[in-house]
Amino acid sequence: MLNDKSILITGGTGSFGKKFAKRALTYFNPKKVIIYSRDEYKQYLMKREFTEYKKQLRFFIGDVRDRDRLYRAFDDVDIVVHAAALKHVPLMEYNPIEAVKTNINGAKNVIDAAIDRGVKKVVALSTDKAVNPVNLYGATKLVSDKLFISANAYAGGKKTRFSVVRYGNVAGSRGSVIPFFMKLSKEGTKELPITDFRMTRFWISLDEGVDLVLKAIKESKGGEIYISKIPSFKITDLARAINPKCKLKEVGIREGEKLHEVMITEEDSRTTYEYEKHYIIYPNFDWWDYKQYFTEGGKKVKEGFRYSSDKNEKWLSVEDLRELLNRIDVVY
């Protein structure tokens, strides 16, 4: 699947990019893996961390806002994984134009460069916040998702195919609730702040996120949105798993924050199919050919189906969460 392929990861020095690059270089034999990102210091640190793979690893300093730089970077690239985004919800509420420049204009630049440079497959990372968005970050990612799906028609007779992978916050990733709670606990706090005691979230590890992207690279034919089947948990249970002795204090939902994560809406159910370990939302366009693009093995979900963290069939207990916390790498 990745053997002898040239792979480029936008935002490649982030948690996902590093994990994906490590998996690609350890279990496959790619021609090269290109890390495309803005931060020279993070590239320097990653280069030191990946010294054993220096023959196959390349580092391009660049921004997805820079169309010309993308055209240069995409030369002779087979697969692009688009992970670059501005994603801090409160900061994007205060800096909306910057979110538009990176998450929307940057997506368009990636699409144009991929088509014109003859990239064979592009997989873009999405987020639950793009579903019925209530914040600017989610709204920009909704537009980004739409651009990538429609790009399959925009490509015309060229062979570039685009798909999307959607999941929520990765467990233990930088800026998420797990490192926040752990930091407070290490500092000796006696009270953990909970925005709303009813709040639920999906649990997905970084490895599971990489698995889903690899599935999309292997199977996608163009236009699909992939969603993993993953368990839910209560934020209050997570707090008790991290520090069972702490009291919990309800502090109110922050701006742009949702009570529950939603991956598939009732409206999406009309074109959603269930597979063993994931769902696929197929596009509802005239150009999409069911016979040509459908992946076998799926069963259509019932109309009105909704996949959200509060209505999930599988839940993690406090004990389950405590065990999972011991397995993940937490990024502070």
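Structure values in brief
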item	result
Criterion (in contact with a Cys (Cβ under 6 Å, 6 or more places away or on another chain), buried (at least 16 other Cβ atoms within 10 Å of the Cβ) and more than 25 Å from Arg23 (Cβ to Cβ)) met by exactly one of Leu184, Leu238, Leu192	Leu192
Tally of residues being more than 17 Å from Leu214 (Cα to Cα), more than 14 Å from the chain's Cα centre (by Cα) and surrounded by 18 or more Cβ atoms within 10 Å (Cβ to Cβ) across the stretch 63-88	4
Filter result (without any contact (Cβ under 8 Å) to a residue 40 or more places away in the chain, surrounded by 19 or more Cβ atoms within 10 Å (Cβ to Cβ) and of a type outside the set (Val, Ile, Thr)) within the stretch 33-55	Met46
Answer residue from the stretch 271-326, given it is of a type in the set (Gly, Ala, Ser) and under 18 Å from Ala216 (Cα atoms) and is surrounded by the most Cβ atoms within 10 Å (Cβ to Cβ) among those	Gly298
Total residues in the stretch 159-170, condition part of a loop (DSSP other than H, G, I, E, B) and either under 22 Å from Val131 (Cα atoms) or small (Gly, Ala, Ser) (or both)	3
Condition check for Ile227: buried (at least 20 other Cβ atoms within 10 Å of the Cβ) and either part of a loop (DSSP other than H, G, I, E, B) or touching a residue at least 12 places away in the same chain (Cβ under 8 Å) (or both)	yes
Odd one out for Lys221, checked against (1) in contact with a strand residue (DSSP E or B) (Cβ under 6 Å, 6 or more places away or on another chain); (2) farther than 18 Å from Pro179 by Cα; (3) surrounded by fewer than 17 Cβ atoms within 10 Å (Cβ to Cβ)	(1)
Extreme residue, nearest to Glu40 (Cα to Cα), among residues of the stretch 5-29 that are free of Cβ contacts under 8 Å to residues at least 60 places away in the same chain and touching a strand residue (DSSP E or B) at 6+ places or on another chain (Cβ under 8 Å)	Thr13
Tally, over the stretch 171-208, of residues that are without any contact (Cβ under 8 Å) to a residue 60 or more places away in the chain and part of a loop (DSSP other than H, G, I, E, B)	7
Exclusive hit being free of Cβ contacts under 8 Å to residues at least 24 places away in the same chain, closer than 18 Å to Tyr226 by Cβ and not in a loop (DSSP other than H, G, I, E, B), set Lys129, Lys141, Lys146	Lys146
Evaluation of Tyr167 against (1) among the hydroxyl-bearing types (Ser, Thr, Tyr); (2) buried (at least 21 other Cβ atoms within 10 Å of the Cβ); (3) modelled with pLDDT of 95 or more (one fails), failing number	(3)
Out of Ile253, Ile280, sole residue that is modelled with pLDDT of 95 or more, touching an Asp or Glu at 6+ places or on another chain (Cβ under 6 Å) and more than 16 Å from Asn132 (Cα to Cα)	Ile280
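The values are calculated or read from the model by the stated rules, or taken from the named source; none is laboratory data. None of these values were measured; they are calculated from a predicted model. No Cβ is skipped: glycine too gets one built from the backbone with ideal geometry, and neighbour counts run over all protein chains shown.
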